[in-house]
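So the structure is just underneath, and the comments pick up after that.
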Amino acid sequence: MKKMTIRKSLIYASSMLLLLNMTNTNSLSVQATASEDQDSIHIEEELKEGFAYEAELIDELANFGNPLMHLHEETESKAVNVFSTSSTKANNQTVDVERVDGRNRLRVAENISRRGWSSSHTVVIANGFKFTDALSGTPLAAHYNAPLLLVNENGISTETLAEIARLQAKNIIILGGPKSVPESVVTTLQSRGLNVQRIAGQNRYDTSRKIAEELISLRGPSTAHLVNGDAFADAVSISSVAGRYKQPILLTRANELHPEVIELTSTIKDWRIIGGPDSISTNTENQLKNRVNNSTRLSGRNRYEVNKRVLNHWGFNTQHVYIGSGEAFADVLSGSVLAAAEGTGVVLTNNNTANLNLAADYVKGKGIESFVLLGGEVTLNKNVYNTFEQLYRSIERVHQNGIYTVQAGDNFNRIAEGFGMTPFQLQQWNGQVSNINNIKIGDKLAVTRQGVESMLSASEKAKLIGTNNPSQFKDAQQFIDWIAPRAQEVASQKGEEALYPSLMIAQAIHESGIAREIGESQLARAPHYNLFGIKARNNQPYTLSWTWEHIRGENIDVLARFRSFSSYDESLEGYANLLRYGRGTGEDFYYRGTWRKNTKDVFEVLDNGGLRGYATDPKYFEAVRNYINKYNLTQYD
């Protein structure tokens, strides 16, 4: 028994959304507490990318607004109950994954300190809720091989004081003025016999200059790194590298070289700009180049790409890296000092599956086997841990009756590849997934047609096309003999909106499959009588059938609603009304290019795009033209 597959010509965006619950394929997960400074430049950049992609998808679907369909042969697929795939070669390489966390960022910083230092003569302190002062402090802390501990605007906690005591520290360096680290902190530390030095300027730029001058006084001038002072992500990416080589980090605004930076260009002649033109403009870059001997830029489309380019440029000294959040700065800043001491770096990611998979692929490509996650599960969730823990393990993927259960280490693209389809196809089959970049362990995904059908409601399953009524036509010529007088009658109605019978007949031949070996499609037979694959709208009676649509260069199989007509005559009238009155609005006359009064013959309809948007199949119009010529259908015009 054969089951005919409907090849869509066009799909209403609204009905596609209704049937498939079309997902937002590029949702962003920007996670940070309200008190944390956000990288507004990069977040805006990423949101624009996400919205642009979403708009592109919506526009594409809107262009498929015609409810007409064309038919194409496909035999009914046999039920496949089990399918397995392996994403990698099974080497089961072991990895070491740890997490440094705490109930808040202050505790995380203390735990990072405990991990890296049994003792330290010096401790650096910064405000854990204002990233700007701490940004420039990593190289100075690295110079003293000192941990970076955090406080808030209310003072220093007993836990932080206990950690300073454990370290047996003698000297404290405070980064930032009293608005960042209050004088009460200085008083408390001094009362414990500690030598306290505060490095502070009038603003963040001045503070970064003074930290740089302190570093220069200790080590002499060296390469400096220039970052945007209003965004933390690029500074975080360079902090472990700058710490490793004890090189200063300077802050500036995006569109101008700040005076404090200009002042240091007389001393430091070798500079690296970290971030793209949105972070530091080309104009600012040129201002710097005019003042120094050497200035180069490391950039990327977003913070994660910048991070990887920084790490690639300077490399790792170990097979061990830290994993930090690209959305929350505090844990990463403390961790960067430890990474610098160990000669390694911090790979940025977040809880977004797409970014996580890129980070995992990056470290896997370098063969890295040891990871430490910076922060708790709110910052980097369990899926992040599981992804790195199972980085080198093969994943055996098995579906049951077309339904696959997501495992640890999975991602949407790899699942699609494992089951032999494109990510876009997998997305169409799983409209219940609100964000393909954030699938979770245990989620159920349809990976075959059988799986898609099994996820339908009982009422929708009842609508699946399944009849095998015999065709009333033995061949194409008999079909033409039957339809030609009816097409002439319907096409000649409405006077000025008269249509070409030849076009109607040719499309009916092509859409119904009557001229191919498969014979007339099930949709075109009783009880549906749908000769043109017309989509159902509103409360019109419908049947569900498989169809394919050519979108963005690939054929996508979807399950769609097609109208059930009471007779062939009603189907012809429905088609004629479509060409006369438009794609469902009844007002826009979208297909006026098919009207006889606007064209000299039926070929001008095809040549001048009168049926534009009718079909996504690149060969559709050629096929219609061939049928007109093969059966001399212009004789009916």
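Read the figures in this text as sums done on the coordinates, not as results from a lab. A quick note: this is a predicted structure, and the numbers were derived from the prediction, not measured. FYI the Cβ positions are ideal-geometry reconstructions off the backbone, even for glycines, and counts take in every protein chain you see.
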What does the charge add up to near Ala360, with Lys and Arg as +1, Asp and Glu as -1, over the other residues with Cβ less than 14 Å from its Cβ? +1
Quick check: net charge around Asp569, other residues with Cβ under 13 Å of its Cβ, Lys/Arg +1 and Asp/Glu -1? -2
Are there any GluC sites (Glu not before Pro) in the stretch 575-634 that are in a DSSP loop and have at most 11 other Cβ atoms within 10 Å? List them by number. Glu587
How large, in Å, is the stretch 440-509 by the Kirkwood hydrodynamic radius built from its alpha-carbon pairs? 16.3 Å
Say the cut-off is 22 Å between C-alpha atoms; which of Lys210/Lys269; Lys308/Lys366; Lys600/Lys630; Lys382/Lys440; Lys494/Lys597; Lys474/Lys535 go over it? Lys474/Lys535
Loop only by DSSP, 12 or fewer other Cβ within 10 Å of the Cβ. Give me the trypsin sites (Lys or Arg not before Pro) in the stretch 532-637 that pass, ordered by residue number. Arg552, Lys600, Lys619
Using the Karplus equation 6.51 cos²θ - 1.76 cosθ + 1.60 (θ = phi - 60°), what ³J(HN,Hα) coupling, rounded to whole Hz, does each residue of the stretch 619-635 give in order, writing x for Gly and Pro? 9, 4, 5, 5, 5, 4, 4, 5, 5, 4, 6, 4, 9, 6, 6, 5, 4
By the scheme Lys and Arg +1, Asp and Glu -1, what is the net charge of all other residues having a beta-carbon under 10 Å from that of Glu163? +1
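So what is the relative contact order for the stretch 339-462, in percent, with contacts set as C-alpha pairs under 8 Å and at least six apart?
Values: 123 pairs, mean separation 30.9, N = 124.
Here the relative contact order equals 25 percent.
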The answer for GluC sites (Glu not before Pro) in the stretch 369-465 that fall in a DSSP coil and have at most 15 neighbouring Cβ atoms within 10 Å is Glu377
